[in-house]
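Reading through the structure tokens given below for one structure.
The values are calculated or read from the model by the stated rules, or taken from the named source; none is laboratory data. Fair warning: this is a prediction, and the values are worked out from it, not measured in the lab. Positions of Cβ are backbone-derived with ideal geometry, glycine not excepted, and every protein chain shown enters the neighbour counts. These accessible areas exclude ligands, DNA and RNA; they are computed on the full protein's heavy atoms, side chains included. Shrake-Rupley method; radii C 1.70, N 1.55, O 1.52, S 1.80 Å.
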Amino acid sequence: MKLTILLFAAFCASAADLPHVTIIATGGTIAGVQKSSTSTTNYKDSELAVDALIDAVPEVKDLAQINGVQFSNIGSENMNTSLLLRLSKLVTTLISNGSAEGIVITHGTDTLEESAFFLDVTYDMSAPVAMVAAMRPSTALSADGPFNIYEAVALASSKTAINRGVMMTLNDRIGSAVYTTKTNTRSVDTFKAVEQGYLGVFNDKTPVFYYYPARAYKKPFFDISGVDSLPKVDILYGHIDSDVTLVNNSISNGAKGIVVACTGDGSLPTTWKEIAKYWTESGVPIMRSSRTGSSYVAPGKDNLTLGEYSYLNSGNYNPQKARILLQLVLNEFGGSNSSLVQKFFDPY
Ligand code: DAS
């Protein structure tokens, strides 16, 4: 009897010593269900609640004291700026009031990189934030969600993950929120940063980092504590026969900035000379990014003239991350000083 009490006391003491990790569930395939265990398409995403996600991985309770928060239950294609502002504030509140020492956010894969990037540039604390998702619904044979959640909790509760900001973790890899992008529509190995690589991997529950904590080059921080909305920024896609008048449509629909996912290293057809007119008339900054999926966009392009306005270019940011950064920059500084806006994107 005494031994049982002693063992129980020892167990309680060690469980109470574990770090507090809050799992914030937002929806996605990781919470998806499908009638057939052999089908990984046409499932219903965002069905399971946060408690069901946690119950599917009881092993996380050996890593941390877990608290679950149901933030939303939506496919990540439905994520939006106003939800992201709320999510970022929630993360900061949970860490600053001491309720959590690490955060896990479950999310859909489709816009995971956008939310991760948004959170990373609006979060300025040392506690780790691990964004996690899955490519297969929870009902699939070899569903990747449960092990991904296990590794995300391991990451969020690890001292070696401190001062690394927001990370993305799937498929045993740890990726930077700034550089990692979804590269494949089907594979569980879809998240990559082709040029910059991964931050680390896992050895079972132990994160194995390749580098000491580092900040992505010129990564900014935006205090959004008093912000409730951000300017609308659109992305237009570059292609053969692309239509420059879409720029005007976008501006008429309220865009305060435009990112073009240009071909190659930010090239635009000469028919886009009109772009200068739209920009000079509206004052809406227009930024060249690239649809290629990796590396930076070189400054300058002299085959088009923009009058007194010089081109903006997205540097290392892909179009979807550049869009978010442009929203935050325009919100804080406006768009009239284009060289000031450009400074946030310069790759060197
Ligand atoms: N439904 C998509 C999403 O929520 C796909 C996914 O999660 O993998 O992003």
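Taking springs between alpha-carbon atoms closer than 10 angstrom, which of Asp120, Asp228, Asp265 fluctuates most in the Gaussian network model of the chain?
The residue that fluctuates most here is Asp228.
Along Cα→Cβ, 7 Å out, is where each label goes; now give me the distance between the ones at Ser187 and Ala16 in nm to one decimal.
In this crude spin-label approximation the distance works out to 4.9 nm.
Search the structure for amide H atoms under 5 Å from the amide H of Met131, placed 1.01 Å from N in the peptide plane, and list their residues when 5 or more places away or on another chain.
Ile105, Met167, Met168, Thr169
Got a sec? What order do Thr40, Thr185 fall in by accessible area at 1.4 Å, biggest, i.e. largest, first?
Heavy-atom accessible area, descending, gives Thr185, Thr40.
Note the angle between two axes, namely the Cα long axis of helix 2-17 and the longest principal axis of the Cα atoms of the chain, as a number of degrees from 0 to 90, rounded to the nearest 10.
10 degrees
Leaving out ligands, DNA and RNA, what percent of the accessible area of the chain is carbon and sulfur, probe 1.4 Å?
52 percent
Can you sort His20, His107 by solvent-accessible area, 1.4 Å probe, largest first?
Most to least solvent-accessible, the answer reads His20, His107.
Rounded to the nearest 10 degrees, what's the angle between the helix 81-96 long axis and the longest principal axis of the chain, both from Cα atoms, 0 to 90?
40 degrees
Counting only heavy atoms of protein chains, what accessible area per residue, in Å², does the chain have with a probe of 1.4 Å?
That works out to 46 Å² per residue.
So which of Lys44/Lys219; Lys256/Lys343; Lys182/Lys232; Lys35/Lys232 end up more than 30 Å apart, counting from Cα to Cα?
Those over the limit are Lys44/Lys219; Lys35/Lys232.
For n ≥ 4 DSSP H runs only, could you compute -39500 (n - 2.57) per run for the chain, divide by its residues and tell me the 222 nm figure to the nearest 500?
Result for the chain: -8500 deg cm²/dmol, rounded to the nearest 500.
Could you give me the radius of gyration and the Dmax of the chain, taking only the C-alpha atoms into account and expressing both in angstrom?
My reading of the Cα-based Rg and Dmax gives 21.9, 86 Å.
For Thr111, Thr206, write out the residues from largest to smallest accessible area, computed with a 1.4 angstrom probe and no ligands counted.
Output order, biggest surface exposure first: Thr206, Thr111.
What is the packing order of peptides 27-33, 276-282, taking the mean over residues of other C-beta atoms within 10 Å and listing the highest first?
By packing density, highest mean first, the sequence is 27-33, 276-282.
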